[in-house]
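Notes follow once the structure below has been shown.
Only the coordinates and a few stated rules stand behind these numbers; no lab work does. Quantities reported herein were computed from a predicted structural model and do not represent experimental measurements. Note that each Cβ is placed from the backbone with ideal geometry, even for glycine, and that neighbours are counted across all protein chains shown.
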Amino acid sequence: AEKAYQQSLYYNREWGEARGQEFDLKHVLKPHKTGGGAQGGGGPTVNDMTVEDTVQWLKQLQIDDTAVEVAAKEKLTCKDLSLLSLEELQEDVGLSKLQAKKVVNRLKEMQEEEG
C-alpha cells in the first residue's frame with residue numbers, strides 16, 4: 001500500500017500540495033529498503049529517472065519554465081544534469097546561479113540517500 005501511495009504522489013503534478021501538507025520530494029525519489037527484494041519499493045533513483053520524471057522534478061523545484069523547456073527539448077534526465085557543472089547548468093540549460101546550486105545540491109542529496 002505504501003508503494004502505491006508513493007507512486008500516486010509521484011505522478012501527481014501537485015506533489016507539494018499533497019493533501020494540504022508540505023511534502024518532501026526526496027522521500028518520493030528515495031529508494032525504500034523495506035520489502036520488495038532487490039528491486040526495492042520506492043520511487044526512481046537519479047540514474048533511473050526518465051526525461052518526464054526530470055521535467056516534473058524541475059517543476060517541483062520551481063525552476064524557471066524556460067530552463068524546464070530546455071531540459072525537455074534536449075531530453076535531459078537527472079543523471080545528465082548530475083554530470084553538468086554549475087557553469088554548464090547556467091549557460092547550457094539556462095538556470096540562474098541559485099537555481100543551478102539548488103539542482104546540484106538536491107541531486108547530491110538524492111545520490112547520497114541512494115547509497
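Tabulated values for the structure
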item: For the stretch 59-115: span of alpha carbons on each principal axis (Å, largest first); result: 32, 22, 20
item: Label-to-label distance, nm, for residues given as V51 and E114 (7 Å Cα→Cβ offset); result: 1.9 nm
